[in-house]
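What follows is a single structure, written as structure tokens, with notes after it.
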Amino acid sequence: MPYRYSHYFVGAVLLVIVAGFWGSYFAKVGGAMPVAFHVHSISSMAWLLLLIVQHLSIHKRKNALHRQMGKASFVLFPFLILGFVMIINVTIASWREGGEFITLMGPAFGIGMVIAIAAYLTLFYLALKHRRNIKLHAGYMLATPVILFESPFSRVIGNYLPWMNVIGSEGPHAILDTIAISDGIMFVFAMALYFMDRKHGAPWLVAAFFVALQAVLMWFGPWISLFATLMNAYAALPVPLTWALGLGLGAGVAWLGWEAGKPPRARPAAAAA
């Protein structure tokens, strides 16, 4: 089976999440905070745990459990996308209220989450489409934590490893430095896996593309006025509609990926002459 030790990578991402969000989320779980934080946190961590169980079950030949986790992913994935949408909504609400920091950084945060959603939708669709090719299927599923890594690790850099910010921007833009560096680490990681097995390396090229795109657009986000225009247009949508869109995108991509992965129907036998 491919990626024999990948559960350690997924577990490491889980630990990075706890470390990165400890002060801002986990240490305050008992207090009042937006429901969006809980939905995003629970769905993201549940997704990583699902990947670990899927990986270990297939390596231990527990195929029935692996199939059950696969079915569970169809339920969990729409809520994963919903969590991102709800965080976008919280970000836009804060941005529209004003404040020097969020006015500057809001558009960058917004485009970053849109790219993350696009990456998850793409990777999960391709994982289902190629589910009969074990190396590609495993690669696309295991590439999803690459997208998730940026947000918590950028906080780890800011809180515990400031020396890693080799870009050195001043003021709030330093946060975007840490995001770009975190994405850069995952870009190198993904490209290394691609070059180790180019024949089945497509999942890592896809992941590398999205983290590179996220790093560039977020870092330049404060100077791209189009992002603010798009945020204002999105803000005009009713919140329940955005939730429905998030759930619908997740469910729709799951269904499309499953259909795309079905074997071609056997051609009807030619009529006898």
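Observations on the model:
- Here the label points at VAL188 and GLU97, each 7 Å from Cα along the C-beta direction, are separated by 3.8 nm in the simple model.
- The ellipsoid equivalent to the alpha-carbon distribution of the range 35-99 has semi-axes of 34, 9, 6 angstrom, derived from the gyration tensor eigenvalues as √(5λ) and listed largest first.
- Scoring 101-110, 19-28 by mean Cβ neighbours within 10 Å over their residues and listing the highest first yields 101-110, 19-28.
- log10 of Debye I(q)/I(0), alpha-carbon scatterers only, for the range 98-140 at 0.26, 0.28, 0.30, 0.31 Å⁻¹: -0.80, -0.85, -0.90, -0.92
- Ranked by the mean number of other Cβ atoms within 10 Å of their residues, highest first, the peptides 249-255, 232-238, 149-155 come out as 149-155, 249-255, 232-238.
- The range 4-75-the range 143-220 distance, computed between alpha-carbon centres (Å): 20 Å
- Rolling a 1.4 Å probe over the protein heavy atoms gives the chain an accessible area of 51 Å² per residue.
- Size of the range 18-57 as Cα extents on the principal axes (Å, biggest first): 37, 20, 13
- The chain - Debye-derived log10 I(q)/I(0), Cα point model, q = 0.08, 0.11, 0.14 Å⁻¹: -0.35, -0.64, -1.03
- In this structure, the pairs whose alpha-carbon distance is over 23 Å, taken from LYS71/LYS129; LYS71/LYS199; LYS28/LYS71, are LYS71/LYS199; LYS28/LYS71.
- For the range 1-77, convex hull of alpha carbons as volume per residue, Å³: 93 Å³
- Ratio Rg/Rh [Cα only; Rh per Kirkwood] for the range 164-273: 1.18
- Accessible carbon and sulfur surface of the chain relative to its total accessible area, %, 1.4 Å: 70 percent
The values are calculated or read from the model by the stated rules, or taken from the named source; none is laboratory data. If you're wondering where the values come from, they're calculated on a predicted model, not measured in any experiment. Using ideal geometry, Cβ is built from the backbone for each residue, glycine included, and neighbour counts are taken over all protein chains shown. Note: areas computed on protein heavy atoms with side chains; ligands, DNA, RNA excluded. Shrake-Rupley method; radii C 1.70, N 1.55, O 1.52, S 1.80 Å.
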